[in-house]
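S.K.: Here it is, the structure in full.
Just so you know, all these numbers are worked out from the coordinates, no wet-lab data involved. Since this is a predicted model, take the numbers as computed values, not measurements. Here the Cβ positions follow ideal geometry from the backbone for every residue, glycine too, while neighbour counts run over all protein chains shown.
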Amino acid sequence: MTPITTGFTADDLGRAVVAAVHAPSQHNSQPWRFRLRDGGIEVYADRARRLSDWAAYLACGAATFNIRLALAAAGIVPRVWLLPYPDEPDVVARLEPDRHRAAAPHEHALFAAVPLRHSNRAPFWPDPVPLDARWRLVEAARAEGAWVELVIGASAVSTLGELAHGAHRVLQRDPEQRAEVSRWTRHGPARDGVPAALGGPVVAPDDLLPTRHRAAGVVPLQTRPVDSPASDVAAATGPPAPGPRGGNSGPGWNPAPDRNDPHGGRGRRGGGGNGGPSWDAGRAGHSGLVEAEPLVAVIGTAGDRAADQITAGQALQRMLLTATDAQLTASMISQPIEVSGAREQLRRALGRFGVPQMVLRIGYGQPGHPTPRRSPTEVTDPAP
Ligand SMILES: Cc1cc2nc3c(=O)[nH]c(=O)nc-3n(C[C@H](O)[C@H](O)[C@H](O)COP(=O)(O)O)c2cc1C
């Protein structure tokens, strides 16, 4: 490993930002900017696009993780400071070159997944996520300093669905929230926001978590650490993305595990014979196809300071990219995090200390649709 004595160049920054802008952000608000300052790459929150501190820090944390991967793929290990300037809380991270080292295979794999990851709000296929993939997902978030709980069992999942749905109703009653949603809903071409055809920025949790098994009353969540669209959508957003390995778009790219395979069969099946619902089934008509029991994960951190939220963003992105690499697809459910009462209920139901930061739904399904992004140049400060 060779120590690096010079700072980052404009080319390094350019490559990093190409990866960074693929990060997820609430309502696709893309609340980030990037710059080179004194040889370091800095990620800072764009105040004009900030929905809340939590949302900005999670998104910027995810973008920071993508930058780390882009640098790793170029053989550079950076030193990373979160919130490097106490009097500039908008500067989320600063990365300086530290040493040269060939990227590890898992870094190459995650980097390759960056442009292939898309939120997928459509129902997943009923095939369960195999144990080894669950293990990888949990380890991914842990490696970034977050904790993860997997919500196991139909009644636990429906209890979480109940919580999410209640939080959604609270948010819907808030006029500011409604204005925010309409501000980020897009009815035509745009480089940010969420196309109305994808359900707009806020999808009711009922569409994402099954409620047909909803238990009467609230039962404690059982969690287990892993140790033990429709044509209108296609028209609005373009065709489904190619599969994680590239070049294999359309039905069959993201195989459900073979039910006859005791190991969960992660190998790809041949063209289209996957038994999953076809994309043309359409989102609205999907309710009967919702998987009986999706894999639901809650990411959390020890505290809820800005640094914890940035950590959660990095962990979220590492987990999402790990899912993409494992040919899984995912969507985020933030209502139970945004409503403080629901968040506390969630924490108690999980029976753990610390703070839930994001709920994820993970499974096998059609690839998600890419949402647009602003260009790297638009979000990069000119060289000083
Ligand atoms: C902090 C945060 C909160 C989010 N909340 C939700 C949510 O409640 N429901 C949802 O469907 N997607 C949610 N998302 C996903 C964004 O809508 C999505 O990342 C964005 O539209 C860009 O699309 P992409 O993930 O396909 O790149 C959230 C993302 C972040 C980072």
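S.K.: Mind checking the full-extension length gain between A307 and R348? Use 0.36 nm per residue of separation minus the Cα-Cα distance, one decimal, nm.
M.R.: 12.5 nm
S.K.: So if I restrict to the alpha-carbon atoms in region 69-205, what is the Rg, and what is Dmax, the biggest pairwise distance, in Å?
M.R.: Reported Rg and Dmax, both Å: 19.8, 52.
S.K.: Next up: Output wanted: per-residue J couplings in Hz (rounded whole) for region 52-60, from phi through Karplus 6.51 cos²θ - 1.76 cosθ + 1.60, θ = phi - 60°, x for Gly and Pro.
M.R.: For region 52-60, the Karplus curve yields 7, 4, 4, 5, 5, 5, 5, 5, 5 Hz.
S.K.: For region 103-117, in order, what is each residue's ³J(HN,Hα) by Karplus, 6.51 cos²θ - 1.76 cosθ + 1.60 with θ = phi - 60°, in whole Hz (x at glycine and Pro)?
M.R.: So the Karplus estimates, Gly and Pro as x, are 5, 6, x, 5, 5, 4, 5, 5, 4, 5, 7, 3, x, 9, 7 Hz.
S.K.: Can you tell me how region 106-181 classifies by the Cα gyration tensor, rounded, prolate or oblate, using a/c under 1.5 as the rounded cut?
M.R.: prolate
S.K.: A follow-up question, please. How far is it, in nm, from the label point at R101 to the one at R37 when both lie 7 Å from their Cα along the line to the Cβ?
M.R.: Result for the modelled spin labels: 2.7 nm.
S.K.: Right, something else. Estimate the FRET efficiency between T2 and D53 by the formula 1/(1 + (r/R0)^6), using the beta-carbon distance for r and 35 Å for R0, to the nearest 0.05.
M.R.: Result of the calculation: an efficiency of 0.35.
S.K.: What is the log10 of I(q)/I(0) for region 2-114, computed with the Debye formula using one identical point scatterer on each Cα and no solvent, at q = 0.13, 0.18, 0.19, 0.21 Å⁻¹?
M.R.: Normalising to I(0) and taking log10 leaves -0.45, -0.85, -0.94, -1.12.
S.K.: Quick one: 3J(HN,Hα) in Hz for region 298-303, Karplus 6.51/-1.76/1.60 with θ = phi - 60°, rounded, Gly and Pro as x.
M.R.: 10, 9, x, 9, 5, x
S.K.: So, in nm, how far is label E88 from label S182 when the simple model puts each one 7 Å beyond its Cα toward the Cβ?
M.R.: 3.8
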